[in-house]
Amino acid sequence: MKKELLHLVACILVLMPLSVSHVAAQGNETRDEGELSEDSVVNIIAYFSKNDTLTYVYDYQEMSVVNEDTVSVRKLSRDISIVVTDSTENGYKLEMISTDIQADKNIKKSFFEKKFFECIKGEKVIVKLDEYGALQGISNWKELYDKAKTLLNDEANTTDKETLKGLKRMFDNTINSEQGMMGMFPELDLLFGSHGIQVKVGENNFVDSVSSEIPVTYKYIAYNDYEEDGTYAGCFTMALSETVIPKGQFAGLLARGLSNVGFGKEKKIEGSIGEFFNKELDGDVDIKGYESREYYFVGWPRKTVTIRDSGTGNNRSITARRISCTSYSLFNY
């Protein structure tokens with residue numbers, strides 16, 4: 001029970017606003033500062049063309065650390081192909097296909113995710129972006145949902161009732177909407193989560209006390225990259241973030257997160273888990289985030305890495321995601 005709840009903690013902590021997108025929201029203010037020159041800002045903007053074709057590798061890794069010893073490592077990866085099928089002044093339409101998926105058997109999320117991708121193998125995911133390349137949604141999410149529903153039928157006679165119940169809950173509360181379906185493709189945020197922003201070159205530090213009831217401190221670094229002849233070669237951003245949740249507030253915050261994703265009423269959840277966490281937590285919960293993004297000169301991501309390190313002094317959970325470009329063919333270049 002303790003292990004399962006602690007894993008659930010790690011999942012819910014992902015909801016904490018530690019991403020570069022929240023930092024970038026502050027950077028958007030620079031658009032109104034007329035005195036800033038193009039040399040003093042970093043613009044993350046798409047200059048994609050119809051028929052641009054790229055391949056990526058997406059990697060996911062979970063690690064559990066107890067008393068500074070890594071006690072478990074779990075991995076998942078898949079190959080991704082992307083083609084731009086439409087490019088207009090209003091935005092872009094992409095076709096994305098996951099061509100392979102590999103997962104450790106002991107990774108908790110792999111059961112559902114691996115089965116999901118097996119069900120939609122070969123299916124095109126139609127992705128919508130705005131004119132800057134910012135993610136707008138998945139046009140064919142309903143078709144993907146209906147296709148993936150066969151997972152329940154396939155597993156009904158071979159899966160125990162509790163696991164099947166969990167699968168049904170995931171369908172009911174997780175992927176039965178466009179926003180929910182987008183959550184099945186975390187690579188979309190890695191690829192396009194920062195497009196459309198403008199931030200100051202250099203290092204920026206601030207505290208976000210608005211997006212969350214627990215303040216988050218940020219350090220954000222951004223710069224443009226140039227070739228020796230002065231030609232623009234792309235840009236780079238990096239964000240470091242940290243928030244500390246007092247032990248006494250943790251159960252309430254976790255209950256709110258669980259309630260928001262369909263696990264019951266907030267007060268009832270808090271009552272059932274509050275006593276447990278008051279006993280099990282050996283201190284305040286510290287959550288650290290790291291994110292780096294590298295872009296080609298036309299705005300396609302070269303590599304994105306995000307790391308979430310959360311827990312107390314003696315028990316920590318580390319989640320890392322990475323997407324790397326393995327080949328590209330740019331139609332106009």
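The values are calculated or read from the model by the stated rules, or taken from the named source; none is laboratory data. Here the structure is a predicted model, which is why all the values come from computation and not from measurement. For neighbour counting, all protein chains shown are included, and Cβ atoms are generated from backbone atoms with ideal geometry for every residue, glycine included. Protein only, heavy atoms only, side chains kept; ligands, DNA and RNA dropped before computing areas. Shrake-Rupley method; radii C 1.70, N 1.55, O 1.52, S 1.80 Å.
Worth pointing out:
- Qualifying residue in segment 172-182 (condition: at pLDDT 90 or above, in contact with a helix residue (DSSP H, G or I) (Cβ under 9 Å, 6 or more places away or on another chain), outside any loop (DSSP other than H, G, I, E, B) and surrounded by fewer than 19 Cβ atoms within 10 Å (Cβ to Cβ)): yes
- Matching residues, segment 208-226, being outside any loop (DSSP other than H, G, I, E, B) and either over 26 Å from Asp39 (Cα atoms) or at pLDDT below 85 (or both): Asp208, Val216, Thr217
- The residues on offer are Phe185, Phe236, Phe206, Phe192, and the sole one that is of a type in the set (Phe, Trp, Tyr), surrounded by fewer than 16 Cβ atoms within 10 Å (Cβ to Cβ) and in contact (Cβ under 8 Å) with a residue 40 or more places away in the chain is Phe206.
- Failed item in (1) crowded, with 17+ Cβ neighbours inside 10 Å; (2) modelled with pLDDT of 60 or more; (3) in contact with a Phe, Trp or Tyr (Cβ under 8 Å, 6 or more places away or on another chain), with Asn51 passing the rest: (1)
- Test: Lys115 is open to solvent by 70 Å² or more (accessible area, probe 1.4 Å), charged (D, E, K, R), modelled with pLDDT under 80 and over 27 Å from Phe236 (Cα atoms): no
- For segment 296-324, taking the residues that are free of Cβ contacts under 8 Å to residues at least 60 places away in the same chain and over 15 Å from the mean Cα position of the chain (by Cα), the one that is nearest to Asp130 (Cα to Cα) is identified as Thr312.
- Any hit, segment 93-100, residues being more than 17 Å from Leu190 (Cα to Cα), of a type in the set (Val, Ile, Thr), surrounded by 14 or more Cβ atoms within 10 Å (Cβ to Cβ) and modelled with pLDDT under 95: no
- In summary, Cys235 fulfils each of the numbered conditions (1) in a strand (DSSP E or B); (2) modelled with pLDDT under 90 with the single exception of condition (2).
- Residues that are modelled with pLDDT under 85 and open to solvent by less than 10 Å² (accessible area, probe 1.4 Å) are absent from segment 287-298 altogether.
- Residue count for segment 124-138, restricted to those that are over 21 Å from Val298 (Cα atoms) and either assigned to a loop (DSSP other than H, G, I, E, B) or of a type outside the set (A, V, I, L, M) (or both): 2
- Residue match in segment 60-77 (condition: surrounded by fewer than 18 Cβ atoms within 10 Å (Cβ to Cβ), at positive phi and modelled with pLDDT of 95 or more): no
- Taken together, the criteria exclude Ser241 from residues that are in a strand (DSSP E or B), within 17 Å of the chain's Cα centre (by Cα), closer than 21 Å to Gly183 by Cα and at pLDDT 80 or above.
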